[in-house]
Structures are given as C-alpha cells and as structure tokens.
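Written out below as structure tokens is the structure these notes cover.
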Amino acid sequence: MKTLPLLITLFWAMLLPLHAQTDEEQLPVTTLLERLDEAIAHKEDYQQLRFARADSLLNLASKRQGSERVQTLSELYEIYLHFQTDSALSAIDKLRSLPEFATDRQLQTRCLIDQARVYGMMGLYHTAFEMLGQINLSQCDSVTLLRYYNVQHAVRDWRADYAQHTVPSIWPKMHQEARCWHDSILLYEPEEVNRTIIRTNRYYDDGDYQRCIDSLLNLMEHCNPEQRTFAYSRLSEAYGKTDQPVLQLRYLILTAIADIRAGITEYMALPELAAQLFHSGDIDRAYNYLFCALEDANLCKSNLRTLEVSSIYPIIDGSRHDRLEHEKRDTRLIIASLVLIALVMTLVIITLFRLNRKLQATRELLAKANNDLKNSNQQLQIANKDLQMSDHLKGDYLMNYLDRAHNYLGSIESAQRQMLKLVQSRQIDELTKRLKSTDFIEEEQAKFYADFDQLFLTLYPNFVEKFNALLKPEAAIMPKRGELLTTELRIFALIRMGETDSTKIAKFLNYSLTTIYNYRSRVRNNALGDKETFEHKVMQL
C-alpha cells in the first residue's frame, strides 16, 4: 500500500511534462531559464520518482512468472538505462538468472545487446563492440534486429562524441560510421515518428538545416515526451547552424528542462547550455548548471558526459573564482570605508548620547510612572466591573430567592385556608384525601426544579452543549420541549457546582441513592475518552 501514492505521483509526473512542454515553447528565454532553475531545485524529487518506479517494478517482478516477469525486468532496465548504469547492468543480471533465459534465444540476444549499450554509455566502447560482434543476426527476429542496429548506432555515436573531445581529427570518420547504420534502422523501424526523426538526422548531417527544422516542427505534435526532447535538441543544433541564436538557446533550454524533469542523469543539453551562458556573461547560472550536470554524470557513471562536463568546468570555475576574488576586493574596500564612517559616527553618537542621557533618564521615569498609572487604572476598572457584576448577580439571586420563598409561603397559606374550610364543614373524607395527595408537593417540586434549571443556566448558559461534547454523539442528552434540564443534566449540574456526594444529590433531587448511582454510571459509560476523568472534566465546564 505504501507504493500506491508513489505510483500515482509517478503517473502524473509522466503526464505533466508533455503538457508543460507544449505550453512552455512560446515562453521568453528569461522565463524558461527560471523554469529550468525551478526544475533543478526539484531534481531530487524527479529522481525519486524513478527510484519509486524501480522499486515498484522489483516488487512486481517478485510476484510474476514467465513472460510477465521478463517484461517487468526489461522495464526495470529501461528505467535505469539513462539513470544509473550499474543498476541497469544489475537488471540485466536478474534477467539472466531467470529460468526463461536458458531457453529463450531472443532474450539471450537482447540481454547481450542491452549490456553492450550500457558499456557504450559508460565509455567502454571496445567491450561493447566485442559483445555486439558475438551476435548471430540470422537468428534474430525483427524486434531484436532493430534493437541491435539502434545500439550499434548509439555506441558509435557516443564514440564519435568522445573522439570530438579527445582526438578531433578522427571525429568525421567515426561520425560517418555511426551514420551508416541509419539505413539498417529504417528497414526495421515500424513507427513513423521515429522514421521521420532518423530522416531529420540525415538532413542535418547533409547540411540541409532548414529542411531538418521544418520536418521537426511539423512532427512535434505527434511526438511523445522522449521524442519531443530529442526534437528540441536537434532543433537547437539546427538553429545554431542557421545563425538563429535566440531560437537555438530557447530549444536548448527546453531540452535541459525536459531532461531534468524526466529524472535522468545521462544528458548533454545542460552542459552545452552552461557553456553558452558562460560566454554570454551569466557565470553564476553557468556554474550551477555545470555542477548539477557533473553531479548527475557521476551518479550515472557515464564517462562521456563526465568528460564533457570536465572539459568546461575548469574554465567556468576559474572565471567564477576570479570574479569572486574581484568582488571580495571590492567588498574589503567597502568594509574599510564603512569602518571609517562608523568611527566618525561613533564619536558623534557618543557626544549626542552624553547630551541626551539626562533627558532620556527623565523620559524613562515619566514613562514608568505613566505605565504604572495605566496599569493601576486598568486593574481598578476590572475590579469595578467585577464588583458591579457580582452585585448585580447577588441582587438577582436574592430577589429570585425572596420571590420563590414568598410564592411558597403563599401556596402554603392557600392550602391551609382550604383545609380549614374542610375542617369547619366537617368534610373529613375530602380532607383526608387532600392530605394523602402528593399533587401539591409534586407541583411545588416541579416549580423548584424549574427555578433551579433557570438559575443554573443563567450561571452556565452553555452547559448543555459543553456537557454533550464530552459524550459520544449518539448518547447526547437533550431536554424535551418545554424543559431546561433533564434528570441526568441536573445530576451533573450539581456536580459542576461542586457537589459530588451521591447521597446529597439523591436527597436534593428526591431520588433513591441507587437511581443516582445508575444515572452517573450510565452517563460515564457513554463518555468520550477516559471514563475515570469524566466527572472531573464536567467540573471544569
């Protein structure tokens, strides 16, 4: 389950770059550079997506069998190919350890081709060609042949690029050797977009740069993200040949953005961009880009990319170092000037300080006295408000008590007169009936509870809501229509007022002690959280 969020993130990360690329193609160069800076800042996030995808594929491979497991490990190899060459070789070793490898001739050949490709990327060209030389083409199907011809071209192309940095005089010959494999690739390449891209390579090699540009621009809307990245790279080169530096820089930046967002570490656009920015004077950005490229080349273990970066890095690093030294000298001069100014200002400040010290002391005394007076005034106002509120409440409670006592005396007097009349009229049976009746007591008790409810809710107006917040939602206690508190609420109202003795509560509410215990236990059992601390929480409402 932990891999599901990573897979969802990876899915969106694979969809978003194409949409972002199409939107970004028309942005100005300055904005594109900002987008590239942002992509580099999140480089580790993009690379983590590749690691997550690789972990997911390894997990799937352990659960699958047969051709499905072969396909999963093949996808794992593709994930690592332009990312970590040693991990890509490890994926090939896993394929070779499968039982299917011993009987599948095409799988054996593909593993050998893929291993040669990785060695070529690592700069081990001689070993790569030896591996490719072991392949019997007559036993290969069309898919394997296409794979073989693509790797032959790629390894020779990498070798030509390496020669361009080390022995430039032999580059044309090696480049021509790589180009010769285009015809073989076209014989077996089924996808028209890839066939068109190969033809644009020919246009570029033949010097027909405008035709190369037109063909790639027409092809752009049909490209997937990987094909679009290659198209950006080739367009940058073609615009450079046609002396259109702005467009050359634009598509070079787009290529670098696509490489970083893809999470790969084997690329060439960012070092080339760093070199161009260096020549245009943007040394800091060139240094940062080159450092990022060197870091990725080391992670990938690609000798060619490391050589490309290493050939430029000393120049940019040296220029940056010279500029920093110049800035340091300027900074030291500025600091010296500021120190001199600071000394003069210090003398002025000391003089002013001596003149104002007495005035400041007087101001501090006045401020302290004023602050003390304000604090005293605030405390007096608070105390006055509390006293007024206390007097008001005392008056309300006293009047309520007197009114209740007066009404109760009136009720007793009225009942006494009625009973006296019954005695005088010798209505003994009716008198006995009334004396046995509990209606009067129940009526007075109901009035007493109503007065108690009203008085308590005056003191604690939000008691019912706060009390129910301590209970499970389904166990909330709500008074019926026309009531202020229920029996359970009165019990805990008394507890809120500090009375926790069940005997006294039972006497106050005219219930048995057992009934009070049952009410308290039932409510505690429906409490949220610890039942033992429930009544303590009620007392704090």
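The values are calculated or read from the model by the stated rules, or taken from the named source; none is laboratory data. Given the structure is predicted, the values throughout are model-derived calculations rather than measurements. We place every Cβ from the backbone using ideal geometry, glycine too, and count neighbours over all the protein chains shown. Accessible surface is based on the protein model in full, side chains and every heavy atom, while ligands, DNA and RNA are left aside. Shrake-Rupley method; radii C 1.70, N 1.55, O 1.52, S 1.80 Å.
Starting from the coordinates of the alpha-carbon atoms of the range 111-253, obtain the Kirkwood hydrodynamic radius over all distinct pairs and give the value in Å to one decimal. The partial results should precede the final answer.
Values: mean 1/r = 0.0616 Å⁻¹.
One over the average 1/r among Cα pairs gives 16.2 Å for the range 111-253.
Within the P(r) computed for the range 452-541, what percentage of the Cα pairs occupies the region above 15 Å?
Of all Cα-Cα pairs in the range 452-541, 57 percent lie more than 15 Å apart.
Counting only Cα atoms, the chain measures 141, 88, 40 Å along its principal axes, largest extent leading.
State whether the range 178-246 is rounded, prolate or oblate according to the following rule on the C-alpha gyration tensor (a ≥ b ≥ c being the square roots of its eigenvalues): a/c under 1.5 gives rounded; otherwise a/b larger than b/c gives prolate, and the remaining case gives oblate. Taking the square roots of the gyration eigenvalues as a ≥ b ≥ c, the range 178-246 is oblate.
For Leu471, the residues whose amide H sits under 5 Å from its own are Leu528, ignoring neighbours fewer than 5 places away on the same chain, with H placed 1.01 Å from N.
Highest mean first, what order results for 255-267, 359-371, 74-86, 228-240 on Cβ atoms within 10 Å?
Numbers: 255-267: 24.6, 359-371: 10.1, 74-86: 19.8, 228-240: 22.2.
Top to bottom by mean Cβ count within 10 Å: 255-267, 228-240, 74-86, 359-371.
Can you order the peptides 337-343, 130-136, 30-36 by their average number of other Cβ atoms within 10 Å per residue, highest first? Numbers along the way, then the final one.
Values: 337-343: 10.1, 130-136: 13.9, 30-36: 16.3.
The most tightly packed comes first, giving 30-36, 130-136, 337-343.
The Cα center of the range 350-380 and the Cα center of the range 171-245 differ in position by 81 Å.
What ranking do 61-72, 414-425 get when scored by the average of other Cβ atoms within 10 Å per residue, highest first?
Working: 61-72: 14.3, 414-425: 11.7.
Ranking the peptides 61-72, 414-425 by packing returns 61-72, 414-425.
According to the square roots a ≥ b ≥ c of the eigenvalues of the Cα gyration tensor, what is the shape class of the range 133-216, taking rounded for a/c under 1.5, prolate for a/b larger than b/c otherwise, and oblate for the remainder? It comes out oblate by the Cα gyration axes.
Listed by chain and number, the lysines placed with their C-alpha closer than 22 angstrom to that of Lys63 are Lys2, Lys94; residues fewer than eight positions away on the same chain are left out.
Applied to the range 126-139, the Karplus parametrisation 6.51 cos²θ - 1.76 cosθ + 1.60 on θ = phi - 60° returns per-residue 3J(HN,Hα) values of 4, 5, 4, 5, 4, 5, 5, x, 7, 8, 8, 5, 5, 9 Hz, with x for Gly and Pro.
By how many nm would the segment from Leu373 to Asp86 lengthen if fully extended, with 0.36 nm per residue of separation less the alpha-carbon distance? Walk me through the intermediate numbers first.
Working: separation 287, 0.36 × 287 = 103.32 nm, distance 7.80 nm.
Length difference between fully extended and current span is 95.5 nm.
If the chain between Thr30 and Asp208 were fully stretched, how many nm would it gain, using 0.36 nm times the residue separation less the Cα-Cα distance? Numbers along the way, then the final one.
Details: separation 178, 0.36 × 178 = 64.08 nm, distance 2.98 nm.
Between Thr30 and Asp208, full extension yields an extra 61.1 nm.
Couplings 3J(HN,Hα) of the range 340-354, computed from phi: 4, 4, 4, 5, 4, 5, 4, 4, 5, 5, 4, 4, 5, 5, 5 Hz, in residue order, whole Hz [Karplus 6.51 cos²θ - 1.76 cosθ + 1.60, θ = phi - 60°; x for Gly and Pro]. On the range 75-202, 52 percent of the accessible area sits on carbon and sulfur atoms, based on a 1.4 Å probe. Entry comment: accessible area of the chain is 60 Å² per residue, from protein heavy atoms only and a probe of 1.4 Å. Cα convex hull, the range 177-305: 123 Å³ per residue, rounded to a whole number.
The phi torsions of the range 150-162, fed into the Karplus equation with coefficients 6.51, -1.76 and 1.60 and a -60° offset, translate into couplings of 5, 6, 4, 5, 5, 5, 5, 5, 5, 5, 5, 5, 4 Hz, rounded to whole numbers, with Gly and Pro shown as x. With distances taken between every two different alpha-carbon atoms, the range 488-528 has a Kirkwood hydrodynamic radius of 10.1 Å. Think of it as helices only: each DSSP H run of n ≥ 4 in the chain is worth -39500 (n - 2.57), and spread over all residues that comes to -27500 deg cm²/dmol at 222 nm. For the range 41-109, a Kirkwood radius taken over Cα pairs fed into Stokes-Einstein (4 °C, viscosity 1.567 mPa s) yields D = 103 µm²/s.
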